[in-house]
Each structure stands twice: as structure tokens, then as C-alpha cells.
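Worksheet: one structure, shown below.
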Amino acid sequence: MSQLQKGILITFEGIDGSGKSTVAKAVVERLRNDYDVLLTTEPTSSWMGDIVRKAIASDVDSLAELFLFVADHAEHIARVIKPALDEGKIVISDRYSDSRYAYQGATLAGRFEDPIGWVKRIHAGWTIPPDLTFLLLVSPSVALSRCNTRQKTTKFEDIEFMKKVQANFLKLAGEEPARFVKIDAEKDLHVMEEEVMSKIQEYIRAKI
Ligand code: TMP
């Protein structure tokens, strides 16, 4: 088992139905052969994450909803992310702060002049930015049809909303091309898995 001097934080992002959770799980299984890996999610599996899920399922005010997501993120960093990185682990998070910038950047459009910038500023100074972010890109209509065939649904599964969120994700990726790796998520799972694995290995080689 290889031990990294300092951990690596890798995040998976994309609209609902992009398949990021499936790819993240497959990649984690492979990385576990060589590294100490932690797979985690946002919203988290803690009671705070449960509150976030309750908020998403209700008609909560969009600003209140943002702050619940942000509280869950703060707890996630303090209890899970930072300790694991300090132990030299590879931390893989299925959604992270870019989900807030993209989704709440869309729900808060009209309330602030620059909603993405505003949401980003709330995170400044305490969040831990990811080392690498895989953005899974799929057309919103394909994503929606995938969402409709599974049981779990959220209010964010609306085609017009998904288009706005995807545009926000692409904007974020354009601003930080060194961190973001765009993946065509309409490809076969194994092809995506190979692409992601080779990028991670490349990143680790460059870091060591
Ligand atoms: P999940 O389906 O990946 O568990 O995420 C739950 C929903 O919450 C999904 O529609 C994306 C949304 N979400 C946000 O709106 N903001 C966030 O910060 C996060 C982490 C998720």
C-alpha cells in the first residue's frame, strides 16, 4: 500500500443522472488496491446531511437551503475531509463545493447579481479546495431519462434547471482548467473509468 505524504482530495461533479456516483464507486474500488482511499458524499450521511435532504424534499427558501448545504460542508470538512487528508488518504467526494456553486448559483439567480461569486465567497477562507475535479457531462435530456428510471428523485430534476446547472458547471470548469477534467458521461462506464484512473495516476506521479 502506497502512503502519500499529504492526502489528495478528488471530487466528482455533474448534474443529476450524470452517472458520477457509479464512476466514483468503480474508481474507488480500483484505487483501493494501491492506496488508502476514503469515499464520501455531499450531502453527507450525517444527521446534518439528513436535514439537507429534508430541505431538498420541501419547499424551503433557497437562501435557507444554501446555508444548510454550507453547514453540512463545514461539518464534512471538520470531521471527515481534513482528518483523512492529514492521514495521507486519497479522499474521493461524490459532490462537493462545486455542486453548491452550480446548483445554488442557479436557485439564487435573480436574488444576487453574481450568485455563483456570492456562494463562492461564503466558502472563502475555510473550505478545502479539491486537487482534482471530474465533471461528468451528459445532455440534460439523457440525464433526465436516467433519473426517471431510478427511484430516488429530487426537485432539481427539471430539464430547464438542469441546463442552467450544467452551464454553471461548465463556467466553473472554464475558470479553473487545471483542476477540472471534463468527462463525456454518455460513454461506456469502463471507458470513463479508464480515463479517470489515468488522470488520477498522472496526478499522483506528478505530485510524488
Ligand atoms: P445527490 O443526488 O448527489 O445525493 O445530491 C442531492 C441533490 O442535492 C442533487 O439534486 C444535487 C443537490 N445539491 C445541491 O443543490 N447543492 C449542493 O451543494 C449539493 C452537495 C447537492
- prompt: For the range 156-177, how many residues meet the condition of being over 18 Å from the mean Cα position of the chain (by Cα) and within 12 Å of the ligand (Cβ to nearest atom)?
  reply: 1
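Could you check, for the range 177-186, whether at least one of its residues is in a helix (DSSP H, G or I) and of a type in the set (Val, Ile, Thr)?
In the first step, residues of the range 177-186 are kept if they are in a helix (DSSP H, G or I); the result is none.
No: the range 177-186 contains no residue that is in a helix (DSSP H, G or I) and of a type in the set (Val, Ile, Thr).
What do you reckon, is LYS164 of a type in the set (D, E, K, R), at pLDDT 95 or above and in contact with a strand residue (DSSP E or B) (Cβ under 8 Å, 6 or more places away or on another chain)? Full working, then the answer.
Working: of a type in the set (D, E, K, R): yes; at pLDDT 95 or above: yes; in contact with a strand residue (DSSP E or B) (Cβ under 8 Å, 6 or more places away or on another chain): yes.
Answer is yes for this residue.
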- request: Would you check which residues across the range 47-76 are within 21 Å of PHE161 (Cα to Cα), within 12 Å of the ligand (Cβ to nearest atom) and hydrophobic (A, V, I, L, M, F, W, C) and list them?
  value: VAL52, ALA55, ILE56, ALA57, VAL60, LEU66, PHE67, LEU68, PHE69, VAL70
- request: Could you grab the pairs with beta carbons closer than 8 Å, sequence gap of 6+ or different chains, first residue in the range 7-30 and more than 15 Å from the ligand (Cβ to nearest atom), second one assigned to a loop (DSSP other than H, G, I, E, B) and small (Gly, Ala, Ser)?
  value: GLY7/GLY88
- request: Provide a single number: the residues in the range 82-132 that are under 14 Å from the mean Cα position of the chain (by Cα) and among the acidic types (Asp, Glu).
  value: 3
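I want to confirm something. Restricting to the range 31-43 and keeping residues that are part of a strand (DSSP E or B) and of a type in the set (S, T, N, Q), which single residue is farthest from the ligand (Cβ to nearest atom)? Steps first, answer last, please.
The first filter runs over the range 31-43 and keeps only residues part of a strand (DSSP E or B), leaving 35, 37-41.
Filter once more, so that each one left must be of a type in the set (S, T, N, Q): 40-41.
Working: THR40: 11, THR41: 6 Å.
So the residue we want is THR40.
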statement: ARG205 passes all but one of the listed conditions (1) free of Cβ contacts under 8 Å to residues at least 40 places away in the same chain; (2) in contact with a Gly (Cβ under 8 Å, 6 or more places away or on another chain); the exception is number (2)
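For (1) within 15 Å of the ligand (Cβ to nearest atom); (2) within 19 Å of ALA57 (Cα to Cα); (3) modelled with pLDDT of 95 or more; (4) not aliphatic (A, V, I, L, M), each residue gets a yes or a no:
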site: ARG100; (1), (2), (3), (4): yes, yes, yes, yes
site: ASP114; (1), (2), (3), (4): no, no, yes, yes
site: GLY125; (1), (2), (3), (4): no, no, yes, yes
site: THR133; (1), (2), (3), (4): yes, no, yes, yes
site: VAL142; (1), (2), (3), (4): no, no, no, no
site: SER145; (1), (2), (3), (4): no, no, no, yes
site: LYS152; (1), (2), (3), (4): yes, yes, no, yes
site: ARG179; (1), (2), (3), (4): no, no, yes, yes
message: So the check is Cβ under 8 Å with 6+ separation or different chains; which pairs have a first residue in the range 94-105 that's at positive phi and a second one that's within 6 Å of the ligand (Cβ to nearest atom)?
response: ARG95/GLU42; ARG95/PRO43
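Please determine whether any residue of the range 123-146 is charged (D, E, K, R) and free of Cβ contacts under 8 Å to residues at least 60 places away in the same chain.
Just the residues of the range 123-146 that are charged (D, E, K, R), to begin with: 131, 146.
Among the residues that remain, those that are also free of Cβ contacts under 8 Å to residues at least 60 places away in the same chain are: none.
Within the range 123-146 (the criterion being charged (D, E, K, R) and free of Cβ contacts under 8 Å to residues at least 60 places away in the same chain), the answer is no, since none of the residues qualifies.
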Residue check for VAL28: more than 23 Å from ILE90 (Cα to Cα), surrounded by 15 or more Cβ atoms within 10 Å (Cβ to Cβ) and of a type in the set (A, V, I, L, M, F, W, C): no
- prompt: Is it fair to say THR44 is under 21 Å from GLU195 (Cα atoms) and among the hydroxyl-bearing types (Ser, Thr, Tyr)?
  reply: no
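The values are calculated or read from the model by the stated rules, or taken from the named source; none is laboratory data. What you are looking at is a predicted structure, and each value in this text was computed from that prediction instead of being measured. Using ideal geometry, Cβ is built from the backbone for each residue, glycine included, and neighbour counts are taken over all protein chains shown.
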